[in-house]
Amino acid sequence: MDKSKTLLLMLFSILICGSYYGTVNAKVNDTPPSFEEKITEGKQITPLESQLMSLMTGLMVTEPKQAVELWILGVNNRSGSVQYAMLSPALRKQTRSKFEQTHWITGQSSPSVSNFRFTKVEKLSESKIRYTVKYDLWASYGDFGGGEKIIIVEKNLKPFKEYWFISSITTKYNQWEAFTPAETVLK
């Protein structure tokens, strides 16, 4: 991986964690509003939230495959922050608390996922594409088979905010695999 991607991943993870740790005044069962919700409600956001919003806006992709590739980068690096940035607004809202519970770190160190490859691409409509992605589960002490994910990518059609995001991730269960918060796991 080139240095710019590594730096971007580290910066994004630090910003997400900083935003998370900045919410210490919340009640035990009270999830603080995300900066996206604050903006929608017209509330003031902090400089850190503004920086985070700018970074997430900068990660909006103009090609559907880029959304999947960037999400895979997040999986490979166990960065929930990068994975979260590629999700649809609805999927973000649905999974945010799960990402926060893991402090935005996903996956496991072993076995890890590797060798992602696109095996099928289906155009469902002008603004919706389904990708089938296969990968290997590997550790230094052995091969744990592989897996398959079906990832649906959609285009945000709001004027002047056209970008692609992941709206669904479906994965076949494998006992050795750690799944990310946004995945629907089929047994």
Fill in: Efficiency of FRET between Thr132 and Gln51 - r from beta-carbon atoms, R0 45 angstrom, step 0.05
0.80
Worksheet item: What is the dipole size for the range 88-165, taken about its Cα centre, with +1 at each Lys and Arg Cβ and -1 at each Asp and Glu Cβ, in debye to the nearest 20?
Response: 400
Worksheet item: Roughly speaking, what is the stretch gain from Lys172 to Ala139, that is 0.36 nm per residue apart minus the C-alpha to C-alpha distance, in nm to one decimal?
Response: 9.9 nm
Practice prompt. Check each of the GluC sites (Glu not before Pro) in the range 50-147 and keep only those in coil by DSSP with at most 12 other C-beta atoms within 10 angstrom; list them in order.
Written response: Glu126
Item to complete: Can you list which of the chymotrypsin sites (Phe, Trp or Tyr not before Pro) found in the range 132-187 are DSSP loop residues with at most 11 other C-beta atoms within 10 Å?
Response: Tyr141, Phe160, Tyr173
Discussion item. Can you tally the net charge around Ser81? Count Lys and Arg as +1, Asp and Glu as -1, for every other residue whose Cβ sits under 12 Å from the Cβ of Ser81.
Written reply: +2
Worksheet item: For the range 115-170, what is the accessible area per residue in Å² when the probe is 1.4 Å?
Response: 58
Discussion item. Give me the dipole magnitude in Debye, nearest 20, for the range 49-187 about the Cα centre, with unit charges on the beta carbon: positive for Lys and Arg, negative for Asp and Glu.
Written reply: 340
Worksheet, complete the sentence: Taking R0 as 22 Å and r as the Cβ-Cβ distance between Leu124 and Ser97, the FRET efficiency 1/(1 + (r/R0)^6), rounded to the nearest 0.05, comes to 0.15
Response to the item:
Those GluC sites (Glu not before Pro) from the range 127-162 that are DSSP loop and have at most 13 other Cβ neighbours within 10 Å turn out to be Glu162
Practice prompt. Please go through the residue pairs Lys98/Lys128; Lys43/Lys172; Lys123/Lys158 and name each one whose alpha carbons sit more than 31 Å apart in this structure.
Written response: Lys43/Lys172
Worksheet, complete the sentence: With 0.36 nm assigned to each residue of separation and the Cα-Cα distance removed, Thr62 to Ser109 gains 13.8 nm
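The values are calculated or read from the model by the stated rules, or taken from the named source; none is laboratory data. Computed from a prediction, not measured in an experiment: that's the story for all the values here. We place every Cβ from the backbone using ideal geometry, glycine too, and count neighbours over all the protein chains shown. For accessibility, only protein heavy atoms count, side chains too; no ligands or nucleic acids. Shrake-Rupley method; radii C 1.70, N 1.55, O 1.52, S 1.80 Å.
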